[in-house]
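Since the structure comes first, as structure tokens, the remarks are kept for the end.
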Amino acid sequence: MNIAFIPVRCGSKSIPLKNIKIFCGKPLVYWSVKAAEESKIIDKIVVATDCEDIKKVVDSFDFKKVEVFIRSKKNATDFSPTEDVVLEYIHFQKSKLQEHDYLFLIQATSPYISGFDLNTAFKQLLSEKGDSLVTCTRTKRFFWKDNGRPINYKYQERPRRQDFKGTYVENGSFYINSIGNFLLYKNRLSGSISIYEMNELTLIEIDEPEDWEIAEANMRKFLSLDKSKKKLKLFLSDIDGTLTDAGMYYDELGNEMKKFNSRDGMGFKLIKDKDVKVGLITSEDKKINTRRAKKLKVDFLFQGLAGKSKLQAVEKICEREKISLKNVAYIGDDINCLDLLSSVAFKACPFDAVSEIRNIPGIFISSKKGGEGAVRDFIDHLILNEA
């Protein structure tokens, strides 16, 4: 079972009743509860409060997964650690919980999350075999210690911003850990910790009055970005290193062979069943690629693009189909895929893709290598999140 746990209390001194104050047209806590309600992997949502006013507001949302847990007064003070509230709930429900159940600790003061984030972060935690997960945003600012020493770069070799990977900063949005780990370590994080990267808009938390106006402006941008997402209409895949393991096999007569994965083939069928057109795009022009495309019944096959732009080829498809790159998903593994992957709305790569591809912001990195079901993994991910 996966539980979303959202602690909210009455006693905020900086912003009275902050958690139910109207924020972008809804009570602040609404946004966190809504994200958990829309997540397909969350089974139950627990809002932990000491306040009847907050309980009434949460009940008015009329979400199906939500229940309100009345926390004790001693765990609702300005000095009460959040972990104590979590442990209070776990002990209260101990007979109904298993150690392998997961608890998603979600902060109502960081409303910039979606069901997509919760789904994707959990899948990442499982694929990385982590024990717990923290959400972060990446900053490209340079940090210094009090003693005049740089923390995250060498001032003698000041990097260009576009070449600087930056530093992860905890954004306080949500955390994932198992019930067993919470009981053992009494902490939201433990063991091997995975990092789920979020948009830099999510960095601000609403703790002081001056945060409110900035946070609302950020939320409007966040909602605008969310509304601008278009429905997936075209799914494209690279071939060598993505649908195959990048190996080049030859028989005694010099005939070239490639190894494809049947699960990827089923993935193409599944995404086509969602009324999404599919295609293959590759630098090489080989008969074996044509045969595979025919077997998969793809709508488009672009071959022989060595030295040419894959992005330009796809833009021509978009023009013909009267869609935009916001409607396109693409999975590729090498630097000749960089321009296309950086431009489409839905992007992914196999686990063994080159580092330049893996470092593209927002890319879905499959837990599978090329030729081992990476394309199917991406398609399952798209279907799960109703792209």
Within the stretch 320-366, the residues that are more than 26 Å from Asp275 (Cα to Cα), assigned to a loop (DSSP other than H, G, I, E, B) and in contact with a helix residue (DSSP H, G or I) (Cβ under 8 Å, 6 or more places away or on another chain) are Asp334, Phe351, Val354, Ile360
If I ask for residues that are among the basic types (Lys, Arg), closer than 20 Å to Ile360 by Cβ and either in contact with a strand residue (DSSP E or B) (Cβ under 9 Å, 6 or more places away or on another chain) or not assigned by TED's automatic domain parsing to the domain that holds Glu205 (or both), which ones from the stretch 124-172 would you list?
Arg138, Lys140, Lys165
Conditions (1) closer than 21 Å to Leu311 by Cβ; (2) part of a helix (DSSP H, G or I); (3) at pLDDT 85 or above -> Asn289 fails only (3)
Could you check the stretch 7-57 and list, in sequence order, the residues that are over 28 Å from Asp380 (Cβ atoms), touching a residue at least 12 places away in the same chain (Cβ under 8 Å), among the hydrophobic types (A, V, I, L, M, F, W, C) and part of a strand (DSSP E or B)?
Phe23, Val46, Val47, Ala48
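From the list Asp43, Asp50, Asp62, which one is closer than 19 Å to Asp117 by Cα and in the same structural domain as Leu189 (by TED's automatic domain parsing)?
Working: Asp50 fails: closer than 19 Å to Asp117 by Cα; Asp62 fails: closer than 19 Å to Asp117 by Cα.
Of Asp43, Asp50, Asp62, the one residue that is closer than 19 Å to Asp117 by Cα and in the same structural domain as Leu189 (by TED's automatic domain parsing) is Asp43.
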Across the stretch 354-387, what is the total count of residues that are more than 14 Å from the chain's Cα centre (by Cα), farther than 17 Å from Asp264 by Cα and among the hydrophobic types (A, V, I, L, M, F, W, C)?
2
Does Ala329 meet the test of being touching a Phe, Trp or Tyr at 6+ places or on another chain (Cβ under 6 Å) and buried (at least 16 other Cβ atoms within 10 Å of the Cβ)?
yes
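The values are calculated or read from the model by the stated rules, or taken from the named source; none is laboratory data. Bear in mind the structure is a predicted one, so any value in this text is a computation, not a measurement. All Cβ positions, glycine included, derive from the backbone under ideal geometry; neighbour counts span all protein chains shown.
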